[in-house]
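Each reported figure results from applying straightforward, stated rules to the coordinates on display, with no laboratory input. In this text, all values refer to a predicted model and were calculated from it rather than measured experimentally. Ideal geometry is used to build each Cβ from the backbone, glycine not excepted, and the neighbour counts take in all protein chains shown.
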Amino acid sequence: MLTLITLIIVLSLLVFVHEAGHFIVAKKAGIQVDEFGFGFPPRAWGFRRRKGGTLYSLNWIPLGGFVKIKGELGEHAGDKDAFGHKPYWVRALVLAAGVFMNLVLCWFLMTVGYMIGFPQVAEDLSPNARVREAKVQVEYVLPGSPAEKAGMTAGDTVIALEGAAVTDADQVRNTTAASQDKPVALTVLHEGAQKTLSVTPVFIKESGKAAIGVQLVRTGLVSYPWYIAPIEGAHATWVLGGDILTSFRDLFRDLVVKRQVTQELSGPVGIVFITADVAAQGFRHLLQFTAILSLNLAILNILPIPALDGGRLAFLIVEAIRRKPNGRKVEQYAHGIGFFVLMLLVVVITFHDFVHFGGRIRAGFLSVFGR
């Protein structure tokens with residue numbers, strides 16, 4: 001139940017901020033906003049500050065919100081307070097405002113995170129960085145390696161080597177490189193439990209030296225002074241944006257060329273489990289996850305796909321080039337098809353989630369309803 005509440009709060013925040021962007025810019029531009037709803041219908045309650053003004057509503061499905069803008073589908077084009085009556089650049093600003101607000105939210109959350117300390121790789125940082133609770137973690141385990149045979153997995157924390165506390169990754173690398181075919185004792189924290197493993201380094205072709213077959217990184221809570229945190233937040237938003245664009249490129253490539261869903265991709269079901277895992281790690285991790293989701297929402301919406309903000313912007317650009325309105329039916333059909341394709345993609349990804357998280361779903365049902 002706590003996971004569901006957390007997920008609802010996170011998604012509601014992301015969608016509400018997005019729709020607030022459309023709402024604010026539309027109002028500033030003199031466009032009539034018929035309704036600004038929190039959640040999705042059916043409506044639970046609503047009020048207007050003045051007759052004929054915007055209806056502010058609370059709805060029963062608490063997953064985000066929506067904005068009804070007068071003339072957004074091309075109707076009422078002759079009315080001065082209609083969306084279609086405004087200049088192209090004004091309409092473009094209204095359409096892009098939601099994406100902009102999600103970008104701002106990501107930057108803001110990243111800035112707050114860097115003020116209080118974000119969990120991340122604590123290597124190659126700027127001199128202004130402060131690192132707390134530093135530890136050496138296993139980022140990757142080579143299949144068939146001594147580390148895998150000993151039971152090490154990605155995410156384990158290396159606490160001690162031969163009884164000496166581990167403070168950096170080089171300490172492990174140097175010791176194992178000098179101990180080929182000789183067992184070494186590694187104390188690790190695995191899924192909350194501490195255990196000591198005997199691992200025998202062997203010559204590994206990939207590294208060109210003796211090793212146990214793990215990729216280690218130093219992690220910790222990284223923070224910056226308050227006046228530098230906004231800059232680092234902007235930099236993190238930029239870097240993450242590039243990574244997300246690459247992921248979307250790979251997704252569409254796999255769907256078209258390989259006709260399969262990328263293994264790392266998650267849909268609604270997957271997000272539930274990811275949210276549960278992230279929330280269990282603490283507020284900082286949840287803050288970071290929310291920022292990444294906000295950035296994902298921004299980039300997805302700006303893609304030139306019909307039914308999304310980017311698709312509507314693409315049609316607006318075509319209209320500006322042609323210097324005359326697009327056919328309303330053609331545009332409506334395009335957005336309808338785009339919406340159908342997006343829903344179909346959601347179904348495919350959800351099926352992928354059920355396959356991937358099937359064991360956890362079954363365990364959840366058994367815990368609630370018994371065997």
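What lysines does Lys149 reach when the alpha-carbon gap must be under 30 Å and sequence neighbours fewer than 8 apart in one chain are set aside?
Lys135, Lys182, Lys195, Lys205, Lys209
Order these peptides, 318-326, 143-151, by their mean beta-carbon neighbour count within 10 angstrom, highest first. Mind showing how you got there, number by number?
Details: 318-326: 11.3, 143-151: 16.2.
For the peptides 318-326, 143-151, the packing ranking is 143-151, 318-326.
Within 10 Å, count the other beta carbons around each residue, average over each peptide in 9-21, 56-68, and list them highest first. Mind showing how you got there, number by number?
Details: 9-21: 20.0, 56-68: 17.2.
Order by mean packing, descending: 9-21, 56-68.
More than 17 Å apart: what percent of Cα pairs in the stretch 293-337 qualify?
Here the long-distance tail beyond 17 Å is 35 percent of all Cα pairs in the stretch 293-337.
Treating the Cα atoms of the stretch 103-194 as identical point scatterers in vacuum, please give the log10 of the normalised Debye intensity I(q)/I(0) at q = 0.11, 0.17, 0.20 Å⁻¹, two decimals.
Calculated log10 I(q)/I(0) at the listed q: -0.43, -0.85, -1.04.
7 Å from Cα along Cα→Cβ at both Arg249 and Asn326: what's the point-to-point distance in nm?
Computed distance between label sites Arg249 and Asn326 equals 2.5 nm.
Amide H neighbours of Tyr140 under 5 Å, at least 5 residues apart or on other chains, H built in the peptide plane: list them.
Amide H neighbours of Tyr140: Gln215.
So what are the ³J(HN,Hα) numbers for the stretch 160-175, from phi and the Karplus equation (6.51, -1.76, 1.60; θ = phi - 60°), rounded to whole Hz, Gly and Pro as x?
8, 10, 6, x, 9, 4, 8, 10, 8, 5, 4, 4, 6, 4, 5, 5
Based on the Cα gyration tensor of the stretch 11-70, what are the three equivalent ellipsoid semi-axes, each the root of five times an eigenvalue, rounded to whole Å and given largest first?
The three semi-axes for the stretch 11-70 are 18, 15, 7 Å.
Any idea what the relative contact order of the stretch 144-187 is, in percent, if you count C-alpha pairs under 8 Å spaced at least 6 apart?
On the way: 23 pairs, mean separation 19.7, N = 44.
Computed over the stretch 144-187, the figure is 45 percent.
Starting from the amide H of Leu63, placed 1.01 Å from N in the peptide plane, find each other amide H under 5 Å away whose residue is 5 or more places distant or on another chain.
Gly39, Phe40
Counting alpha carbon pairs within less than 8 Å and at least 6 residues apart, what relative contact order, in whole percent, applies to the stretch 1-148? Let's see the in-between values first.
Values: 199 pairs, mean separation 32.8, N = 148.
Relative contact order, the stretch 1-148: 22 percent.
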